[in-house]
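The values are calculated or read from the model by the stated rules, or taken from the named source; none is laboratory data. Quick caveat: nothing in here was measured; it's all calculated off a predicted structure. Counting neighbours? That spans all protein chains shown, and the Cβs are built from the backbone with ideal geometry, glycine included. What goes into the accessible areas is simple: the full protein's heavy atoms, side chains included, and nothing from ligands, DNA or RNA. Shrake-Rupley method; radii C 1.70, N 1.55, O 1.52, S 1.80 Å.
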Amino acid sequence: MAELGHDVVGIDVDQHKVDELQAGRPPFFEPGFGEVLGRAVESGRLRFTTDMSEACDATVHFVAVGTPQTKGSYSADLTYVDAAVDGLLPFLSTGDLVVGKSTVPVGTAARLAELVEGAGSGATLAWNPEFLREGFAVQDTLSPDRFVYGVPSGDAGEAATAVLDEVYATALATGMPRLVTDYATAELVKVSANAFLATKISFINAMAEVAEATGADVTQLADAIGHDARIGRKFLNAGLGFGGGCLPKDIRAFRARGDELGLTDTLSFLGEVDAINLRRRERVVTLTRELLGDLAGRRVGVLGLAFKPNSDDVRDSPALDVVKKLLEAGAEVTAFDPEANGTAKRSFPELTTADNAEDAVRGADAVLVLTEWTEFRELDPERVGVLVAGKKVVDGRNCLDVGAWRAAGFEVRGLGRP
Ligand code: UGA
């Protein structure tokens with residue numbers, strides 16, 4: 001927002017995060033974000049505080065807190081969204097716009113709108129879902145595929161639309177599509193987009209299971225069907241499947257909301273999407289067993305811990321899940337991730353990490369590539385061959401040049417590939 005020229009105050013309950021951000025230090029790894037943050041803080045257009053009363057001076061209030069999976073259930077935990085809106089209410093004034101960015105179960109915006117309007121502040125609520133991908137957050141924020149504004153009907157909705165148009169004027173000027181909808185549609189656009197993406201990944205991973213049973217190659221299959229413009233090649237990379245703080249919890253929360261709406265059958269396919277996804281993690285462990293036999297006491301070098309490259313996020317990371325399963329089976333695991341060693345150790349202190357890929361694979365009986373960082377794709381198999389104890393590799397992301405690794409004497413296993 002500051003990069004777009006607005007004066008911004010960022011409010012969070014976490015003093016440490018606020019201090020770090022105010023000092024221009026990103027509290028997580030995200031390519032290009034440090035530069036944008038530094039520029040914005042230095043320009044004076046962006047500052048951070050834990051003091052909610054600072055919202056007083058603002059006219060547009062974005063609510064962008066998390067909606068994680070509730071412990072012990074599939075539904076979304078709305079505690080943080082509710083607390084943020086509640087905390088904001090005393091500081092709203094006439095003409096203000098509260099803009100929901102968080103991913104929420106359909107129906108949440110209508111409930112929050114009653115609160116915002118009921119506070120007698122004269123403020124309006126809009127729902128403006130976020131579609132950015134980690135690893136591409138800066139690019140996706142400054143130049144998204146589309147804007148969706150969920151607004152109330154009538155004059156209030158028109159006024160809200162005008163305010164959001166002003167906020168996003170720079171991007172809209174380049175012809176970015178913008179769709180104005182009601183609250184429910186805007187909320188559903190977000191969850192259905194993520195449900196579709198998750199379904200696409202699980203579809204190709206189901207084809208990987210079929211390929212494994214028949215000797216076919218799922219990567220060639222994806223290339224071939226992807227040429228059909230109606231299907232498209234994007235999000236057809238078979239492998240360890242989806243993780244992170246969004247797709248897994250969003251499809252579960254969508255199902256939970258479907259149950260409440262009497263739509264259990266309608267959304268039950270998302271249970272299959274989830275199950276296919278989780279089976280891939282087991283498959284990697286099975287392939288490792290195929291290569292090594294009993295895993296007890298065997299040394300495994302793991303490359304990749306983040307849920308995807310260009311991120312240090314290990315929330316619901318398939319890679320970290322595989323590491324845990326290997327440890328449960330008695331293997332000795334040393335892992336390396338270019339950015340996620342620290343976050344992984346914080347969430348799983350028993351983990352043994354190495355400072356680089358070579359140290360992770362040195363003396364290993366098998367190497368597992370679980371996140372497709374460029375530096376792992378570009379590893380020289382001849383060099384790795386000198387370091388390992390056993391020339392065996394599982395390509396959990398179908399990202400290696402299998403021919404080159406086999407030529408270097410490695411026994412290679414991929415997902416959905418012969
Ligand atoms: C996802 C959506 O792509 C964003 O549009 C959305 O805004 C975001 O969730 C969110 O709800 O906040 P993100 O979780 O950052 O973004 O990452 P993705 O690029 O979607 O990847 C998700 C997972 O799917 C990763 O674990 C990735 O490795 C996996 N994936 C992706 C595959 O296994 N195969 C593919 O072909 C693509």
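In table form, for the structure just shown:
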quantity: On Cα atoms only, tilt of 247-260 relative to the major axis of the chain in degrees; calculated: 60 degrees
quantity: With eigenvalues of the C-alpha gyration tensor scaled by 5 and rooted, segment 171-238, Å; calculated: 33, 16, 7
quantity: Order of exposure, largest accessible area first, which applies to ASP316, ASP77 with probe 1.4 Å; calculated: ASP316, ASP77
quantity: Value of Rg to Rh for segment 238-352 (Rh from inverse mean 1/r over Cα pairs, i.e. Kirkwood); calculated: 1.05
quantity: Expected 222 nm ellipticity per residue - DSSP helices of 4 or more, -39500 (n - 2.57), all of the chain, to 500; calculated: -13500 deg cm²/dmol
quantity: Relative contact order (percent, whole number), the chain, Cα cutoff 8 Å, 6+ residue spacing; calculated: 12 percent
quantity: Calculated diffusion of segment 335-385, Stokes-Einstein form, Kirkwood radius summed over Cα pairs, 10 °C and 1.306 mPa s, µm²/s; calculated: 136 µm²/s
quantity: For segment 320-418: accessible area per residue (Å², 1.4 Å); calculated: 42 Å²
quantity: Relative frequency of Cα-Cα separations exceeding 21 Å in segment 288-418, percent; calculated: 31 percent
quantity: Cα centroid of segment 205-220 to Cα centroid of segment 36-51, whole Å; calculated: 49 Å
quantity: Descending Cα extents along the principal axes, segment 63-128, whole Å; calculated: 40, 19, 17
quantity: Residues whose placed amide H lies under 5 Å from that of LEU125, excluding near-sequence neighbours; calculated: VAL98
quantity: Placed amide H near VAL148: partners under 5 Å, 5+ positions off or other chain; calculated: LEU179
quantity: Separation of alpha-carbon centers, segment 60-94 and segment 98-121, rounded to whole Å; calculated: 9 Å
quantity: Reference-scaled alpha-carbon Rg (2.2 N^0.38 Å with N residues) for segment 107-239; calculated: 1.40
quantity: Unsatisfied cross-links (Cα-Cα over 22 Å) in the set LYS200/LYS392; LYS249/LYS324; LYS345/LYS391; LYS308/LYS345; LYS101/LYS234; LYS17/LYS249; calculated: LYS200/LYS392; LYS345/LYS391; LYS101/LYS234; LYS17/LYS249
quantity: Burial order of peptide ranges 197-207, 364-374 (average beta-carbon count within 10 Å, highest first); calculated: 364-374, 197-207
quantity: Amide H contacts under 5 Å for VAL60, placed H, 5+ residues apart; calculated: LEU97
quantity: Cα-based Rg and Dmax for segment 313-364, where Dmax is the largest Cα-Cα distance (Å); calculated: 10.4, 29
quantity: Whole-Å distance, taken between Cα centres, linking segment 9-27 and segment 236-251; calculated: 29 Å
quantity: Vicinal HN-Hα couplings computed from phi for segment 287-303 (Karplus, 6.51 cos²θ - 1.76 cosθ + 1.60; Hz; Gly/Pro x); calculated: 4, 5, 5, 4, 7, 10, x, 4, 7, 4, x, 7, 9, 10, x, 10, 10
quantity: Hz values of 3J(HN,Hα) by residue in segment 331-338 - Karplus curve (6.51, -1.76, 1.60), Gly and Pro given as x; calculated: 6, 9, 10, 10, 10, 9, 9, x
quantity: Reciprocal mean inverse distance between Cα atoms of segment 2-48 - Kirkwood radius, Å; calculated: 10.7 Å
quantity: Normalised contact order of segment 74-220, rounded percent, pairs of Cα under 8 Å and 6 or more residues apart; calculated: 22 percent
quantity: J(HN,Hα) series, segment 320-325, from Karplus relation 6.51 cos²θ - 1.76 cosθ + 1.60, nearest Hz, glycine and proline x; calculated: 5, 4, 4, 4, 4, 5
quantity: Binned Cα-Cα distances of the chain, short to long, each 10 Å bin given as a whole percent; calculated: 4, 19, 28, 24, 16, 7, 2, 0
